[in-house]
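Undergrad: Sharing a structure with you now.
The values are calculated or read from the model by the stated rules, or taken from the named source; none is laboratory data. This one's a predicted model, so the numbers in the text were calculated from it and none came from an experiment. Every residue, glycine as well, gets a Cβ built from its backbone with ideal geometry; the counts of neighbours run over all protein chains shown.
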Amino acid sequence: MTAFNPEDRGRHKKLILTWSITFLVLFPLLIVLGLLMRMNQGEVIKVDNATFYSYMTLHGLGMAGVLFSMAWAAVFYLVGTRYVKLNIGLGYAVFLLVVIGSVGLAVATLIGKFAAGWYMLYPLPFIGATWKAWTTGLAIISLIIMGVAWLIGCLHVVYALSREYGGFTNLIGWQYLGKKPPEKELPPLALIATISLVPGILAFIAGAAMLVMYLLQHLEPSLSFDALVQKNLMFFFGHTLVNITMYCGVGWLYTLLPEFTGREWKLNKLTVYAWNATFFFIVFAYFHHLYMDFVQPTGLQIAGQLASYFSAIPATAVTMFGVIAQLYRSKVKWGVIPTAFLLGVAGWAIGGFAAVVDSTISINKVLHNTLWVPAHFHTYMLMGVVLLILAFLYYLGSTEKNRDLSPKAGFGFWLFVAGAYGFLLMFYLGGMESIPRRFSEYASSGIAHTHDTGALLAKVAALFVALVLIGLLMMYGALFNGLLKKDQAPAK
Ligand code: HEM
């Protein structure tokens with residue numbers, strides 16, 4: 001059993017505070033980009049197309065990157081203060097590289113107007129781009145830097161856990177599948193972190209290979225690569241990154257919720273089977289992004305639909321039952337932390353359900369590239385991952401005795417949740433009305449219904465986004481107070 005001394009915990013606390021404050025600063029700025037996009041689509045403001053798409057690119061890449069980084073950092077903190085010693089210097093190196101990559105992306109998009117969208121659909125960045133070639137190079141290099149940082153960070157956590165718990169098969173819980181009880185309990189966070197970070201490692205390697213090909217073509221324009229291979233690699237990278245961000249959050253839900261309910265949350269055979277299913281199928285689920293690519297082999301399309309179901313349903317189901325078992329008739333005091341955990345799990349389920357609907361081939365034929373797509377992934381990111389992160393941040397800044405929010409911050413929390421669901425509802429309604437995604441404005445669609453409905457929904461959505469921002473800022477006082485308070489014992 002690893003022994004932790006107070007100095008180690010203090011150093012971990014400083015590192016996680018650095019990550020947390022960076023997150024709290026960047027998150028609302030990225031929301032503002034989303035607000036500007038919705039205001040432009042709602043014809044409240046007018047920005048030119050080059051600017052709109054540069055905002056969309058930075059917003060998409062920025063949100064996915066910031067959320068994953070924060071989720072990884074939270075796992076690093078909890079693992080490193082509870083289960084196994086981790087290298088804090090490496091934690092700072094990851095932070096530095098992610099900051100360098102983020103600055104590069106901000107320069108490429110906000111100054112250079114790089115606007116290829118988060119997935120830079122190959123070979124579009126090299127054909128008739130409206131932005132200068134140097135911005136493409138800068139964006140590619142920035143993403144490579146961030147990818148390398150995440151790769152190192154994930155490898156370190158998995159390697160350290162694997163040494164502590166006697167190898168990889170133990171880390172994925174196989175010792176629970178035999179007749180005898182395991183010799184050493186595996187904490188759920190160790191299992192879920194492994195099941196998230198190992199596919200992440202594969203995705204970062206695939207992403208690096210793809211980005212190096214982009215870079216080679218940027219440096220030598222006579223080169224060209226297979227567009228279908230590039231698209232497969234890009235979606236394996238992007239889809240997996242977003243998916244595992246959610247699972248990291250679920251990992252600390254299993255760890256922290258029991259402190260509020262007073263009930264243990266241990267692994268058993270069923271949980272291990274469910275998370276192993278996720279582990280296997282998660283790497284194939286991204287195929288559902290390529291349903292419209294008729295050159296993709298049909299077998300992979302069918303595999304995509306099945307893997308989407310099998311990777312999402314078992315882990316979600318065991319976690320839902322776990323949360324119910326934790327909460328049912330428990331004496332939990334409904335402060336902000338358990339509330340954010342419960343709502344975060346609900347957001348995961350709602351967004352996940354909408355995603356599974358969209359991953360069904362016959363339905364995808366209708367919903368593909370409509371606003372239904374941003375609707376579902378914004379639900380599980382904004383009302384899933386972000387709520388789990390807020391629960392973690394409040395936990396980090398609190399002690400057992402002071403876990404309640406001030407009435408102002410409590411009001412801010414509910415305003416944030418109400419505003420977010422209002423904003424999401426407009427995306428869902430847009431999807432049901434076949435409003436296309438990634439349109440900077442709807443007048444140029446040439447279809448009166450698309451224009452009138454799309455612009456109206458966007459205008460209403462912008463009002464809800466304003467509530468999200470006000471709610472968030474109202475919570476900030478309590479959050480910063482907690483996080484920056486001196487001499488506070490690090491969370492248990
Ligand atoms: C209140 C908060 C947010 C607002 C107002 C917002 C707004 C938007 C808008 C308007 C779009 C363009 C939709 C379209 O017409 O296609 C968009 C796209 C996107 N958003 Fe958000 N968003 C928010 C939160 C998030 C979060 C938490 C994430 C986390 C991953 C995220 C990731 C993305 C991504 C990946 C795209 C797609 C970009 C692309 O297609 O290249 N957003 N968002």
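Undergrad: Of all residues in segment 182-202 being part of a loop (DSSP other than H, G, I, E, B) and touching a helix residue (DSSP H, G or I) at 6+ places or on another chain (Cβ under 9 Å), which is surrounded by the fewest Cβ atoms within 10 Å (Cβ to Cβ)? Walk me through how you get there before you give the answer.
TA: We begin by selecting, within segment 182-202, every residue part of a loop (DSSP other than H, G, I, E, B); these are 182-187.
Now restrict to residues that are touching a helix residue (DSSP H, G or I) at 6+ places or on another chain (Cβ under 9 Å): 182-184, 186-187.
Details: Pro182: 16, Glu183: 8, Lys184: 10, Leu186: 24, Pro187: 20.
The extreme case among them is Glu183.
Undergrad: Looking for whichever is within 25 Å of Leu241 (Cα to Cα) and of a type in the set (Phe, Trp, Tyr) here; the options are Phe377, Phe411. Which one fits? I'd like the intermediate steps shown before the answer.
TA: On the way: Phe411 fails: within 25 Å of Leu241 (Cα to Cα).
From the options Phe377, Phe411, the qualifying one is Phe377.
Undergrad: Can you name the residue in segment 347-381 that is buried (at least 19 other Cβ atoms within 10 Å of the Cβ) and not in a helix (DSSP H, G or I) and, of all such residues, is farthest from the ligand (Cβ to nearest atom)?
TA: Ser359
Undergrad: What about Leu216, is it without any contact (Cβ under 8 Å) to a residue 12 or more places away in the chain, more than 29 Å from Leu343 (Cα to Cα) and assigned to a helix (DSSP H, G or I)?
TA: It is true that Leu216 is without any contact (Cβ under 8 Å) to a residue 12 or more places away in the chain, more than 29 Å from Leu343 (Cα to Cα) and assigned to a helix (DSSP H, G or I).
Undergrad: (1) in contact with a Cys (Cβ under 8 Å, 6 or more places away or on another chain); (2) within 11 Å of the ligand (Cβ to nearest atom): which one isn't true of Trp72, the others all being true?
TA: (2)
Undergrad: So, of the residues in segment 271-297 that are at pLDDT 95 or above and of a type in the set (Phe, Trp, Tyr), which turns out to be nearest to Ala203 (Cα to Cα)?
TA: Trp275
Undergrad: As an exercise: evaluate Asn49 against (1) touching a residue at least 40 places away in the same chain (Cβ under 8 Å); (2) away from the ligand (no atom under 16 Å from the Cβ); (3) over 21 Å from the mean Cα position of the chain (by Cα) and give the number of the one condition it does not meet.
TA: (2)
Undergrad: Turning to a different aspect of this structure: When the residues of segment 441-489 are narrowed to those that are in a loop (DSSP other than H, G, I, E, B) and surrounded by fewer than 19 Cβ atoms within 10 Å (Cβ to Cβ), which ends up modelled with the lowest pLDDT?
TA: Ranking the candidates gives Ala489 first.
Undergrad: Six or more apart or on different chains, Cβ under 9 Å: which pairs go from a residue in segment 313-341 that's touching a residue at least 60 places away in the same chain (Cβ under 8 Å) to one that's among the aliphatic types (A, V, I, L, M) and not in a helix (DSSP H, G or I)? Could you list them?
TA: Every condition considered, the pairs that remain are Gln326/Val332; Gly335/Leu405; Val336/Leu405; Pro338/Val332.
Undergrad: Filter segment 83-128 down to residues that are of a type in the set (Lys, Arg) and within 16 Å of the ligand (Cβ to nearest atom), then give me how many there are.
TA: 1
Undergrad: Given the options Gly410, Gly384, Gly344, Gly430, name the one that is crowded, with 23+ Cβ neighbours inside 10 Å and either more than 10 Å from the ligand (Cβ to nearest atom) or not in a helix (DSSP H, G or I) (or both).
TA: That would be Gly344, the only listed residue that is crowded, with 23+ Cβ neighbours inside 10 Å and either more than 10 Å from the ligand (Cβ to nearest atom) or not in a helix (DSSP H, G or I) (or both).
Undergrad: With (1) crowded, with 21+ Cβ neighbours inside 10 Å; (2) over 16 Å from the mean Cα position of the chain (by Cα); (3) away from the ligand (no atom under 15 Å from the Cβ); (4) within 24 Å of Gly104 (Cβ to Cβ) as the list, and Val79 as the residue in question, which single condition is left unmet?
TA: Of the numbered conditions (1) crowded, with 21+ Cβ neighbours inside 10 Å; (2) over 16 Å from the mean Cα position of the chain (by Cα); (3) away from the ligand (no atom under 15 Å from the Cβ); (4) within 24 Å of Gly104 (Cβ to Cβ), the odd one out for Val79 is (4).
Undergrad: Can you say whether Ile324 is modelled with pLDDT under 95, assigned to a helix (DSSP H, G or I), at negative phi and more than 16 Å from the ligand (Cβ to nearest atom), as far as the supplied structure shows?
TA: The answer is no for Ile324.
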